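To keep things clear, I will list the structure first and then write my remarks on it.
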Amino acid sequence: TQQFVSQLDALERLLQSSSKPWPERIDAIVATDARALSGDFPFGPGEVDRERLEAVVSRSVRPLAVNRAMRIAVAVGRYRRDPDERLPDDLQALVPAYLPAVPIDPFSGKEMRFTTDAGGYVAYSVGSNRRDDGGHVTIGWRDGDRSADPGIRIRSAR
């Protein structure tokens, strides 16, 4: 019974943490003393330590960042349908006609990133390392590769 109550208390702290704004939400979840969650639920068998909890949270938040980058890519695509077919100078150019607001990067709490180059453009998040790696996005992501920014690169049509 004591272990069950301890697990419920830890889950309650995680739920409270999940209502915080980004990225404080990530920090609060990772800071939770998750040892009470060790066992089979919710992270699988074994001891839950800070490093393991941080990896689970990063893997969970990364798809949200990619989803937000994809929404930007769709908005940019619609923007480009205008007669001059040029890229926007920044994400604010998409508001409010193509996006209600610039999506927030869950890893930084600031606006998602956007950059253009001769090959096209990249919409991205700073990722779990919380450092702007210049839109270096990759297909897929291994747990150990924290240098890739979650996002999407769109190549210009030739």
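Counting only residues that are in a loop (DSSP other than H, G, I, E, B), out of contact with any strand residue (DSSP E or B) (no Cβ under 9 Å at 6 or more places or on another chain) and at negative phi, which one in the range 116-139 is surrounded by the fewest Cβ atoms within 10 Å (Cβ to Cβ)? Outline the logic, then answer.
Narrowing the range 116-139 to residues in a loop (DSSP other than H, G, I, E, B): 118-119, 125-139.
Still in the running and out of contact with any strand residue (DSSP E or B) (no Cβ under 9 Å at 6 or more places or on another chain): 118, 128-131, 138-139.
Checking which are at negative phi leaves us with 118, 128-129, 131, 138-139.
Details: Ala118: 5, Ser128: 23, Asn129: 14, Arg131: 13, Thr138: 13, Ile139: 7.
Ranking the candidates gives Ala118 first.
Out of everything in the range 93-115 that is more than 26 Å from Lys20 (Cβ to Cβ) and open to solvent by 70 Å² or more (accessible area, probe 1.4 Å), what residue ends up being modelled with the lowest pLDDT? Spell out the reasoning first.
To start, the set of residues in the range 93-115 that are more than 26 Å from Lys20 (Cβ to Cβ) comprises 93-94, 96-98, 115.
Of the ones still in play, those that are also open to solvent by 70 Å² or more (accessible area, probe 1.4 Å) are 96-97.
Numbers: Pro96: 97, Ala97: 94.
Result: Ala97.
Being farther than 12 Å from Arg71 by Cα and either under 11 Å from the mean Cα position of the chain (by Cα) or of a type in the set (Val, Ile, Thr) (or both) is the filter here, so list the residues in the range 106-121 that pass it.
Pro106, Phe107, Ser108, Gly109, Thr115, Thr116 - these are the residues of the range 106-121 that are farther than 12 Å from Arg71 by Cα and either under 11 Å from the mean Cα position of the chain (by Cα) or of a type in the set (Val, Ile, Thr) (or both).
Hey, can you tell me all the residues within the range 82-108 that are over 30 Å from Ala28 (Cβ atoms) and touching a Leu at 6+ places or on another chain (Cβ under 7 Å)? Show your work before the answer.
To start, the set of residues in the range 82-108 that are over 30 Å from Ala28 (Cβ atoms) comprises 82-90, 93-94, 96-98.
Listed by number, the list holds a single entry, Pro88.
Cβ-Cβ distance below 8 Å, separation of 6 or more or different chains: which pairs start in the range 14-31 with a residue that is under 13 Å from Ser108 (Cα atoms) and open to solvent by 20 Å² or more (accessible area, probe 1.4 Å) and end on one that is among the hydroxyl-bearing types (Ser, Thr, Tyr) and not in a loop (DSSP other than H, G, I, E, B)?
Listed pairs, sorted by first residue: Arg25/Ser17.
For the range 80-88, state whether one or more residues are buried (at least 20 other Cβ atoms within 10 Å of the Cβ), at negative phi and not charged (D, E, K, R). Write out each step before concluding.
Going residue by residue through the range 80-88, those that are buried (at least 20 other Cβ atoms within 10 Å of the Cβ) are none.
Checked against the condition, which is being buried (at least 20 other Cβ atoms within 10 Å of the Cβ), at negative phi and not charged (D, E, K, R), the range 80-88 yields no hits at all.
The values are calculated or read from the model by the stated rules, or taken from the named source; none is laboratory data. This one's a predicted model, so the numbers in the text were calculated from it and none came from an experiment. FYI the Cβ positions are ideal-geometry reconstructions off the backbone, even for glycines, and counts take in every protein chain you see. Heavy atoms of the whole protein, side chains included, go into the accessibility calculation; ligands, DNA and RNA do not. Shrake-Rupley method; radii C 1.70, N 1.55, O 1.52, S 1.80 Å.
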